[in-house]
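The values are calculated or read from the model by the stated rules, or taken from the named source; none is laboratory data. No experiment lies behind these values; they were computed from the predicted model shown. Cβ placement follows ideal geometry from the backbone for every residue including glycine, while neighbour counts extend to all protein chains displayed.
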Amino acid sequence: MKRIKAELSGIERIRYRPSRADGMTLLDAIADHALFAKWFNKNVGSWSAWFAFIAALFALPMTEEQLAFYRKCTGRSAPPASVATEAWLVCGRRAGKSFVLALVAVFLACFYDYRKYLAPGERGTVMVIASDRKQARTILRYVGALLREVPLLAKMIERETAEGFDLSNRVTIEVGTSSFRSVRGYTIVAGLLDELAFWSSEDASDPDFEVLNAIRPGMSTIPNAMLLCASSPYARRGVLWDAHRQHFGKDGDPILCWVASTRQMNPTVPQGFIDAEYERDPASAAAEYGAQFRSDIEAFVSREAVQACVSTGVFERAREPDISYSAFIDPSGGSGKDSFTLAIGHKDRSTDMAVLDAVREHKPPFSPEAVVAEYGALLKSYGVSKLVGDRFAGEWAREPFRKIGIAYEPAAKPKSDIYRDFLPLINSRKADLLDHPKTAQQLVSLERRTSRSGKDSIDHPPNGHDDCINVVAGVLTNLNARRYAYDSDLLWVGGENGEYENWIAEQRARYVMNGGFR
């Protein structure tokens, strides 16, 4: 078989192995000075783990050292027999995941011919999805460097946009964020998902599942389409955790699951830094750098329980006579990331339900004075003259409401305790929620964390928000706290029409027979 010589120092001579990419493998391209070799010249030994992963991903022959590393990181004994159409990469931070995703994206886009699967005028897309736009820009910079700084590949660029590159072979490399709406309608030849354990989205309560559900149909018409998902691990839930449970350590499974710590994949990260992180927060460091799913974090409430409490198609309830309404507010200064939110609710005495009537949100930037005026008018329309709010807002939030005749009372409990009190209302279906997707999304995303002291706390996930659910939980739990009204005549014990007197006589007889109550 034809061979090429790889002159790159520190890399063994690599065989010219035919593969799907017209005879050149990604390892060949990495060793080729005309392609990607210059990015691996320095500290070439630090890339050996990634070379083993690439060999496993594309089912290339492995050295004994690579095979041993493959077995350690996959829990499997036999090497892969075919190219992975789906792979899950669970690695610690600073392991090099984003650069490798960009490298694979460029290789799949430039070295594969998908045109026979495309209709006239149709383009195939290598879709790189990140947790947010900042992370997406990081990957796009890697992609841009790999394309522009390789003369052979630079000639393929037809058009460059803020989101990606159109190539001359009818393939587009495009980056996006974790929204299931934005990925629909594409013909996807490869989907590369970065840090999906930390995705947050206002589109869905489970953005990782929803994005995958939107991507897979776009790959269905491309026989050799590839899905590669890479992330540091987090809580034991979501698609990354599901993939780990289903595919790690399964010989013969066509779906590859690769688990490795930061230093296993990137030994240039100082061990002293890792040790300091473990000393500071062992649970966090085990996930961030040890690639271990966290056992101290769990979902606060199930999606099904929340959906059961939502009145579908009811977006707001008008004021009704003879009903006393309450309100809860979470102020914000108008800048930064926090929204200024308000919720109004009431207690339905006939059903004992805590009913949500209205939710308002203003995202920054905004004028706090204008929002206070708007919220004041809404509160007065419901007959609310006193509201409860975040105790940390300070006098700056209370004074404007006092000026318009609305008293501001600080919440008696911290946010975590409010959520804890809210959970029984949801699980027992004693809360009647509006059809407000963001509230449902934020509620489902809440996490229960156990600290090293053993104390539980409930809060939004990293990069998440809870401004809407904070006010909803606040107003409905306050309503529930005031629901107990005791009837001093005790007729509820034995009923009416003399039943109470009969019950008292029975209790006296029992007292005599038993020698006193026990």
Query raised in the report: Ala276: under 25 Å from the mean Cα position of the chain (by Cα) and free of Cβ contacts under 8 Å to residues at least 60 places away in the same chain, yes or no?
Result: no
Report summary line: Taking region 337-372 and keeping residues loosely packed, with under 14 Cβ neighbours inside 10 Å and part of a helix (DSSP H, G or I) leaves Glu369, Ala370
Requested in this report: Among the residues of region 60-84, write down those that are in contact with a strand residue (DSSP E or B) (Cβ under 6 Å, 6 or more places away or on another chain) and assigned to a loop (DSSP other than H, G, I, E, B).
Outcome: Ala84
Report task. Residues being more than 24 Å from Arg236 (Cβ to Cβ), part of a strand (DSSP E or B), touching a strand residue (DSSP E or B) at 6+ places or on another chain (Cβ under 6 Å) and not hydroxyl-bearing (Ser, Thr, Tyr): count how many of those fall in region 408-448. Result -> 4
Query raised in the report: How many residues are closer than 17 Å to Val359 by Cα and aromatic (Phe, Trp, Tyr) when one looks only at region 299-324?
Result: 1
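Test Glu158 against the stated conditions and say whether it is farther than 22 Å from Ala287 by Cβ and without any contact (Cβ under 8 Å) to a residue 40 or more places away in the chain. Before the answer, list the steps.
Numbers: farther than 22 Å from Ala287 by Cβ: yes; without any contact (Cβ under 8 Å) to a residue 40 or more places away in the chain: yes.
Answer is yes for this residue.
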Report task. Please work out if Lys363 is farther than 17 Å from His436 by Cα and either within 33 Å of the chain's Cα centre (by Cα) or in the same structural domain as Pro410 (by TED's automatic domain parsing) (or both). Result -> no
Query raised in the report: How about region 308-336: which of its residues are among the small types (Gly, Ala, Ser), farther than 28 Å from Gly464 by Cα and exposed (fewer than 11 other Cβ atoms within 10 Å of the Cβ)?
Result: Ala318
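Go through region 416-448 and give me each residue that's under 16 Å from the mean Cα position of the chain (by Cα) and of a type in the set (Lys, Arg). Lay out the reasoning, then the answer.
At the first step, the residues of region 416-448 found to be under 16 Å from the mean Cα position of the chain (by Cα) are 437-448.
Matches in region 416-448: Lys438, Arg448.
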Report task. Considering every residue within region 242-263, establish whether at least one is touching a strand residue (DSSP E or B) at 6+ places or on another chain (Cβ under 6 Å), buried (at least 20 other Cβ atoms within 10 Å of the Cβ) and assigned to a loop (DSSP other than H, G, I, E, B). Result -> no
Query raised in the report: Across region 51-93, what is the number of residues that are among the β-branched types (Val, Ile, Thr) and farther than 25 Å from Ala37 by Cβ?
Result: 3
Query raised in the report: Which one is farthest from the chain's Cα centre (by Cα), of the residues in region 154-180 that are under 18 Å from Val104 (Cα atoms) and crowded, with 21+ Cβ neighbours inside 10 Å?
Result: Leu167
Query raised in the report: Pairs under 7 Å by beta carbon, first residue closer than 11 Å to Gln307 by Cα in region 425-436, partner part of a helix (DSSP H, G or I) and of a type in the set (S, T, N, Q), six or more apart or different chains?
Result: Leu433/Thr439
Query raised in the report: Considering only region 374-400, how many residues are surrounded by 14 or more Cβ atoms within 10 Å (Cβ to Cβ) and more than 20 Å from Leu479 (Cβ to Cβ)?
Result: 6
Query raised in the report: Going through region 211-241 one residue at a time, which ones are farther than 25 Å from Arg94 by Cα and surrounded by 17 or more Cβ atoms within 10 Å (Cβ to Cβ)?
Result: Ala214, Ile215, Gly218, Met219, Ile222, Ala225
